[in-house]
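The values are calculated or read from the model by the stated rules, or taken from the named source; none is laboratory data. Since the structure is predicted, the reported quantities are computational estimates derived from the model, not experimental observations. Note that we place each Cβ from the backbone using ideal geometry, even for glycine, and neighbour counts take in every protein chain shown.
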Amino acid sequence: MRIYELFVSALRSLWANKRRSILTMLGIIIGIAAVITILSLGDGVRIETLKSLQADSSGQQSSEINFSKAYNPDSSNEISGFNDNDIKMVQNNSKVVKAKIQSGYKGIISGPGKINGKNVMGIIYLTTKPNHEYLIAGRGISKNDLLNNNPVALISKSIAKKGYVSPKNAINAGIELNGVSYTIAGVIEDEAELKEYQNYDVVVPKKFYMNNGADIPHDSMKLTFVKGADVSKETRAIVQDLNKKGSQHGNGSYDFMDMGDILKGASDTIKAVTYFVVAIASISLFIAGIGVMNMMYISVSERTQEIGIRMAVGATQHQILWQFLIEAIILTLTGGMIGYLSGIGLAKIISSFLPFKAIVTFSTFLLAFGTSTIIGLIFGILPAKTASNKNLIEILR
Amino acid sequence: MINLTSVNKSYRQGNGKYQVLYDVNLKVKSGEFVAIMGPSGSGKSTLIDIIGFLDQNFEGSYIFNETVVSDLSRRDHAKLRNRSVGFVFQNFKLINNQNVGENVGLPLLYAGVKRHDIHVRVNKVLDQVGLTDSYYKMPKNLSGGQQQRVAIARAIVAKPSFLVADEPTGALDSETSKEIIKLFKELNQNGTTVILVTHDEKVASQARRLIKILDGRIQSDEEITNEDL
Ligand SMILES: Nc1ncnc2c1ncn2[C@@H]1O[C@H](COP(=O)(O)OP(=O)(O)O)[C@@H](O)[C@H]1O
Ligand SMILES: [Mg+2]
């Protein structure tokens with residue numbers, strides 16, 4: 001008998017008992033779907049981790065080093081975290097392909113200023129919106145100031161005192177920032193902070209500040225590495241060097257965000273969940289397997305006459321065995337494939353709420369395919385053996 | 001072709017043995033038309049199951065052509081059954097959820113014949129048994145006589161060396177029985193060896209040789225001359 005014919009006859013008999021077949025498949029579907037979901041999410045995190053370290057499509061990886069300046073009001077020079085010497089030093093590292101200084105501006109910069117003839121170093125909040133926060137004297141920066149490009153500034157109490165003894169005296173007086181004069185519109189508390197982590201002591205409209213030739217200081221450096229380099233390790237070493245010998249090592253600190261580290265946290269969580277889900281799914285699959293066995297036993301006993309007839313026209317024991325085994329395998333494999341597709345769907349839905357995308361790999365397909373086939377084999381073999389070992393004479397009597 | 005020598009058969013019953021066939025010696029040549037008669041329980045079915053390669057579990061020797069049947073593996077026994085014999089049962093034994101054509105083609109399917117070739121051959125055989133255009137009918141929509149024709153078609157589809165029928169008319173009325181026997185006769189006249197079991201005198205009288213069996217022993221074995229009709 002041709003193998004093709006075995007498949008045809010197996011499909012037909014499963015189709016003849018649609019409801020029973022579907023119910024039996026349900027356990028397999030659920031088990032496989034759960035495993036595929038969690039594995040696709042896990043793969044998603046893994047790929048995202050790699051991607052976060054990837055500079056371009058050629059497989060080169062990159063990282064970014066930031067410079068944060070220590071607060072020092074007496075320092076008069078404009079500080080950029082990196083200069084050409086730093087780049088030269090960094091490029092001594094053989095793994096570095098490219099080093100580029102870029103602006104790390106995130107809303108707050110530091111810049112030199114002069115108030116009533118005295119030098120100050122201000123941590124400047126460049127605002128794009130009207131600002132009235134932490135006000136203790138005068139007025140805030142209004143919508144009109146922004147629209148009309150008014151040179152107005154809010155300064156902290158301590159800067160005000162430094163220039164004009166009291167906050168009140170400072171109102172409507174001037175302050176020079178980056179060589180440009182601003183009118184002090186208001187005085188704010190020393191504790192003024194942005195998003196609860198970054199202190200500032202001067203507020204000016206961003207547009208005006210930028211329009212008057214002020215560069216935003218460079219305080220980050222982007223590094224691109226050769227393919228296959230351990231970016232975390234190399235960057236850490238470079239940061240250490242910079243903190244010892246970098247151009248500004250006395251005025252602040254160099255550090256970098258280890259994206260690998262952050263994603264590793266997510267990946268560890270998913271790993272733990274994976275073990276749990278796989279354990280539960282295994283139990284589900286085992287019970288589903290017993291369901292398959294039960295259904296196949298019922299099928300064999302219902303079809304005793306058919307088995308007898310097939311044997312009477314010359315079916316060998318092997319052919320009968322395979323007929324039922326293939327039926328069981330088609331049942332679990334169909335369940336497995338439905339489960340696989342549901343798992344992918346579920347993972348896609350879940351990952352739409354997460355910061356990474358679920359990834360479908362060929363190996364998870366093989367896993368679903370293999371597992372469901374093996375379940376069919378293991379739990380189908382005994383009923384199939386029962387069918388093929390039936391005594392022909394007994395059946396036909 | 002068929003050569004049984006001192007065949008004994010017994011069933012295990014509890015701790016003891018229950019003997020059904022005693023020292024059966026039987027030779028059937030190619031082209032014969034043999035009827036086996038005897039009362040119920042005399043061992044007719046047991047004998048014909050052995051002859052028709054359904055039962056391999058017996059004592060004595062059965063040589064089919066040059067093959068020693070009792071020495072065959074289960075697999076080779078099944079293959080011999082597939083190629084060399086066609087079996088017709090009293091209650092037809094059709095697979096009810098498959099159509100007529102599929103039922104008839106079943107032996108060819110197990111012989112590994114291609115689907116297309118099976119289809120062609122099945123239609124030819126259905127013509128032969130008087131069931132033209134019945135390929136796609138379901139067995140349950142056919143009368144008893146028609147179902148038995150389907151079974152006969154299935155028995156002859158693989159062109160076996162001989163046909164075996166165990167009370168093929170047992171479930172049919174006398175009119176239909178006549179037609180079925182006529183069909184067997186035609187097949188025999190075209191060269192097919194036929195061995196059938198019956199307890200109907202009229203059916204037996206159509207054969208050319210009559211074997212009478214009683215309590216597992218062959219009582220008589222004689223030619224039926226045309227004058228007996
Ligand atoms: N599988 C079996 N187990 C035990 N006894 C059996 C079995 N098959 C048949 N017999 C017995 O063997 C005897 C002959 O049966 P059988 O060959 O079917 O007779 P017939 O077909 O002539 O009516 C009967 O007494 C029957 O009860
Ligand atoms: Mg009988």
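General observations
- Within the set B:ASN65, B:ASN82, the sole residue that is touching a residue at least 60 places away in the same chain (Cβ under 8 Å), more than 9 Å from every other protein chain (Cβ to nearest Cβ) and under 15 Å from B:PHE162 (Cα atoms) turns out to be B:ASN65.
- Elements of type helices (runs of 4 or more DSSP H) in segment A:290-397, at least 2 residues being within 21 Å of A:ARG46 (Cβ to Cβ): A:317-351, A:362-388
- Where a residue in segment A:368-397 is within 16 Å of ligand 1 (Cβ to nearest atom) and its partner, wherever it lies, is part of a loop (DSSP other than H, G, I, E, B), with Cβ under 6 Å and at least six apart: A:LEU392/B:LEU54; A:ILE393/B:ASP55
- Yes/no for A:ILE184 being aliphatic (A, V, I, L, M), modelled with pLDDT under 90 and in contact with a strand residue (DSSP E or B) (Cβ under 6 Å, 6 or more places away or on another chain): no
- In the condition set (1) within 16 Å of ligand 1 (Cβ to nearest atom); (2) at pLDDT 95 or above; (3) closer than 26 Å to B:ASP173 by Cα, B:ASN103 is compliant with all but (1).
- Residue list for segment B:23-78, filter: small (Gly, Ala, Ser), more than 15 Å from ligand 1 (Cβ to nearest atom) and in a helix (DSSP H, G or I): B:SER70, B:ALA78
- Failed item, numbered, when B:ILE63 is tested on (1) out of contact with any Lys or Arg (no Cβ under 7 Å at 6 or more places or on another chain); (2) over 16 Å from B:ARG217 (Cα atoms); (3) modelled with pLDDT under 95: (3)
- Residue in segment A:326-341 that is touching a strand residue (DSSP E or B) at 6+ places or on another chain (Cβ under 7 Å) and either surrounded by fewer than 19 Cβ atoms within 10 Å (Cβ to Cβ) or of a type outside the set (Phe, Trp, Tyr) (or both) present: no
- Within segment B:187-223, the set of residues being within 27 Å of B:ASN65 (Cβ to Cβ), within 16 Å of ligand 1 (Cβ to nearest atom) and hydrophobic (A, V, I, L, M, F, W, C) comprises B:ILE195, B:LEU196, B:VAL197, B:ALA204, B:LEU210, B:ILE211, B:ILE213, B:ILE218.
- Unmet requirement for B:LYS93, which otherwise passes all of (1) under 19 Å from the mean Cα position of the chain (by Cα); (2) away from ligand 2 (no atom under 16 Å from the Cβ); (3) free of Cβ contacts under 8 Å to residues at least 60 places away in the same chain; (4) in a loop (DSSP other than H, G, I, E, B): (2)
- For segment A:341-349, the condition holds for no residue, the condition being that it is within 30 Å of B:ARG75 (Cα to Cα) and in contact (Cβ under 8 Å) with a residue 40 or more places away in the chain.
- Leading residue by the ranking (farthest from A:ILE38 (Cα to Cα)) among those in segment A:292-312 that are more than 14 Å from chain B (Cβ to nearest Cβ) and surrounded by 21 or more Cβ atoms within 10 Å (Cβ to Cβ): A:VAL300
- Odd one out for B:GLN98 among (1) farther than 30 Å from B:PRO39 by Cα; (2) surrounded by 21 or more Cβ atoms within 10 Å (Cβ to Cβ): (2)
- Listed by position, the helices (runs of 4 or more DSSP H) enclosed by segment A:129-197 that each have at least 2 residues that are among the charged types (D, E, K, R), farther than 17 Å from A:TYR209 by Cβ and assigned by TED's automatic domain parsing to the domain that holds A:ASN211 are A:157-164.
- Among (1) crowded, with 21+ Cβ neighbours inside 10 Å; (2) of a type in the set (A, V, I, L, M); (3) within 14 Å of chain A (Cβ to nearest Cβ) - the single one B:ILE36 does not satisfy: (3)
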